[in-house]
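The next block holds one structure in the form of structure tokens; read it before the comments.
The values are calculated or read from the model by the stated rules, or taken from the named source; none is laboratory data. Since we're looking at a predicted model, the values are computed, not measured. When we count neighbours, we look across all protein chains shown, and the Cβ atoms used for this are built from the backbone with ideal geometry, even at glycine. Quick note on the areas: whole protein, heavy atoms, side chains included, nothing else; ligands and nucleic acids left out. Shrake-Rupley method; radii C 1.70, N 1.55, O 1.52, S 1.80 Å.
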Amino acid sequence: MGIHLSKRQKRIFNHVLFWVIIIFYFSILPVLINQRFMPYLLGNLVFIPFDMTATYFIIYFTIPRYLFTKKYVGLVFFIIVAYLFVYLTSYILNNYILPALNLPHYPGFNLGRIYNSTIAFTIIASTASFFKIFNHYKTVYFDKISLENKSLESELKIVKSQINPHFLFNTLNNAEELIFEDRDRASTYVFNLSKILQYMIYETNDEWIPLKREIEYLQDYLKLSAINYDEGFVSLDISGSPAGKIIPPMIFTPIIENCTKHSRKNTPIPGIVVKMRIVDESITLYTENYIKKGKDEEKLMHGLGLSNLRKRLQIVYKDKYYLHTKTMVEK
């Protein structure tokens with residue numbers, strides 16, 4: 001049976017533990033020089049509320065307001081104020097309170113006492129300040145990482161949401177053309193389209209999917225696209241095993257889509273070549289096609305689909321990817 005503490009309870013526990021350690025540390029030191037433990041423990045219990053006041057003044061007022069905002073003049077000033085408070089309370093306790101309680105005390109206001117108070121409070125305040133500063137920058141760091149991840153996730157969702165309508169718009173345009181040319185082929189086209197849409201709607205919500213399933217989707221997509229061309233016009237060649245490999249869903253769609261939509265029909269077979277090579281942790285997709293006459297080549301190379309693909313690749317793979325497009329002039 002474990003003990004579960006809330007965040008607030010953990011914080012209180014850590015503070016109590018810190019001050020218990022401080023009290024016993026300064027109570028045990030005199031024992032090392034043959035002094036009695038209990039009188040010094042009681043004396044430290046008298047001192048500790050004032051040390052706590054000065055310490056919390058530094059870590060909850062001075063550091064957040066002046067260190068984290070880089071106002072160093074104010075930081076130095078209020079640290080000096082805290083030390084003066086410690087010196088004053090130490091003088092009052094040693095000259096009036098501790099003698100009345102018959103506890104070890106050091107009357108007067110000599111340099112030795114100032115030195116001892118400085119060392120003791122520096123140990124306490126610097127230790128507490130270290131934890132305060134460490135926790136602050138740890139929180140800032142993880143908040144930054146969390147914000148970056150949320151930003152990347154949001155951007156990735158936007159990019160993916162742009163890909164799906166773009167694909168649907170193109171395929172519906174093709175279906176509309178087929179309806180007037182050949183209703184039977186249009187019916188087959190719509191059936192294949194429904195299979196692809198089922199994949200897009202129900203299987204691409206995860207960040208990663210099996211590469212094998214993505215290949216099946218590409219095969220269905222190319223079958224759909226092949227309806228617009230003669231038999232053998234679309235060539236697909238896949239080598240290597242996709243087993244155990246995962247990939248972001250529809251990552252290759254913009255490339256395949258550009259190939260099939262903007263290819264000329266009156267070209268040597270195969271007019272569209274798609275090759276995928278799977279070697280170890282590397283996946284290479286190579287496509288080749290003839291661009292329709294009159295198409296703006298610059299727009300095709302830097303259009304919405306490829307632009308979104310570059311963004312998505314950068315989000316997912318950082319700089320561990322390579323995307324290259326090239327236009328060759330026919331001889």
Worksheet entry | Considering residues of segment 188-219 that are within 21 Å of Gly271 (Cα to Cα) and surrounded by 15 or more Cβ atoms within 10 Å (Cβ to Cβ) only, the residue farthest from the chain's Cα centre (by Cα) | Tyr189
Discussion item. Being open to solvent by 80 Å² or more (accessible area, probe 1.4 Å) and part of a helix (DSSP H, G or I) is the requirement here; does Val81 meet it?
Written reply: no
Worksheet item: Would you call Ser161 modelled with pLDDT under 75, assigned to a helix (DSSP H, G or I) and polar (S, T, N, Q)?
Response: yes
Worksheet item: Looking at segment 97-108, which of the residues that are under 56 Å from the mean Cα position of the chain (by Cα) and part of a helix (DSSP H, G or I) is modelled with the lowest pLDDT?
Response: Leu98
Worksheet item: Identify, please: which residue in segment 226-256 is open to solvent by 10 Å² or more (accessible area, probe 1.4 Å) and part of a helix (DSSP H, G or I) and is, among those, nearest to Tyr202 (Cα to Cα)?
Response: Ile255
Worksheet item: In segment 109-123, what residues are closer than 21 Å to Gln35 by Cα and either outside any helix (DSSP H, G or I) or among the charged types (D, E, K, R) (or both)?
Response: Arg113
Worksheet item: How many residues does segment 272-289 hold that are touching a Gly at 6+ places or on another chain (Cβ under 9 Å) and either open to solvent by less than 30 Å² (accessible area, probe 1.4 Å) or in contact (Cβ under 8 Å) with a residue 40 or more places away in the chain (or both)?
Response: 3
Worksheet item: So which residues in segment 67-78 are surrounded by 17 or more Cβ atoms within 10 Å (Cβ to Cβ) and either in a loop (DSSP other than H, G, I, E, B) or out of contact with any helix residue (DSSP H, G or I) (no Cβ under 6 Å at 6 or more places or on another chain) (or both)?
Response: none
Practice prompt. Give segment 37-60 a look and list any residue that's touching a residue at least 12 places away in the same chain (Cβ under 8 Å), more than 18 Å from Leu75 (Cα to Cα) and of a type outside the set (Ser, Thr, Tyr), or say none.
Written response: Pro39, Leu41, Leu42, Gly43, Asn44, Leu45, Val46, Phe47, Ile48, Phe50, Asp51, Met52
